[in-house]
């Protein structure tokens, strides 16, 4: 279900929203109320409204509520909690703010979002178990290290057990 919001009273009626979503919705509801009045007819008076599409809303459902491909996208921005706000100007002094999870953002909006360069470290883990004859565990580890350093033991793609991805500062 998509929610149509025009002022702060409408925001108070939203119950199943995350704190991040509520913060973004509130930001735009305040702007609309401050600039155009909180008691305006959101369908016919100046200003416009907010459409909030909860996470999991399909592109088809979003498009049925607002045809984002047929209107002018003024700008799109990403907020904390992976919440996207896409601001559309539909006519002079009237717009629609489409707020949704980044998981559901259509490509046409995603392409308008500002990009950032991230450094991502990729670590692969290789592992092999070998038999080492020794008197103590420390001696066995020393022998294994020596065999590894001299190339007698080589780990290959066949020894792959995992990969991790994380941001590098």
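The values are calculated or read from the model by the stated rules, or taken from the named source; none is laboratory data. Keep in mind the model is a prediction, meaning the values are calculated, not measured. With ideal geometry, Cβ positions are generated from the backbone for all residues, glycine too; neighbour counts draw on all protein chains shown.
Would you call residue 99 within 30 Å of residue 45 (Cα to Cα) and either loosely packed, with under 10 Cβ neighbours inside 10 Å or touching a residue at least 60 places away in the same chain (Cβ under 8 Å) (or both)?
So residue 99 fits the description; yes.
Quick one: in the stretch 1-30, of everything that is surrounded by fewer than 14 Cβ atoms within 10 Å (Cβ to Cβ) and in a helix (DSSP H, G or I), which residue is nearest to the chain's Cα centre (by Cα)?
Here the residue is 19.
Filter the stretch 55-69 for residues that are touching a helix residue (DSSP H, G or I) at 6+ places or on another chain (Cβ under 9 Å), outside any helix (DSSP H, G or I) and on the phi < 0 side of the Ramachandran plot and give the result.
55, 57, 58, 68, 69
If you take the residues in the stretch 62-94 that are in contact (Cβ under 8 Å) with a residue 24 or more places away in the chain and over 20 Å from residue 111 (Cα atoms), which one is nearest to the chain's Cα centre (by Cα)?
65
Take the stretch 128-141 and flag every residue that is over 47 Å from the mean Cα position of the chain (by Cα) and surrounded by 11 or more Cβ atoms within 10 Å (Cβ to Cβ).
Within the stretch 128-141, 132, 134, 139, 140 qualify.
Hey, does the stretch 112-123 have a residue that's out of contact with any strand residue (DSSP E or B) (no Cβ under 6 Å at 6 or more places or on another chain) and surrounded by 12 or more Cβ atoms within 10 Å (Cβ to Cβ)?
Looking for residues that are out of contact with any strand residue (DSSP E or B) (no Cβ under 6 Å at 6 or more places or on another chain) and surrounded by 12 or more Cβ atoms within 10 Å (Cβ to Cβ), one finds none in the stretch 112-123, hence no.
Do we find a residue being surrounded by 16 or more Cβ atoms within 10 Å (Cβ to Cβ) and within 18 Å of residue 103 (Cα to Cα) anywhere in the stretch 37-52?
Yes: one or more hits.
Are there any pairs with C-beta distances below 9 angstrom linking a residue in the stretch 105-117 that is in the same structural domain as residue 78 (by TED's automatic domain parsing) and within 20 Å of residue 56 (Cα to Cα) to a residue that is part of a helix (DSSP H, G or I) and at pLDDT below 95, with the two at least 6 apart or on different chains, and if so which?
Within 9 Å, the pairs are 106/59; 106/62; 106/63.
Is it the case that the stretch 71-81 has a residue that's in a helix (DSSP H, G or I) and touching a helix residue (DSSP H, G or I) at 6+ places or on another chain (Cβ under 6 Å)?
The answer is no; no qualifying residue exists.
Please count how many residues of the stretch 86-104 are assigned to a strand (DSSP E or B) and closer than 15 Å to residue 31 by Cα.
Qualifying residue count for the region: 10.
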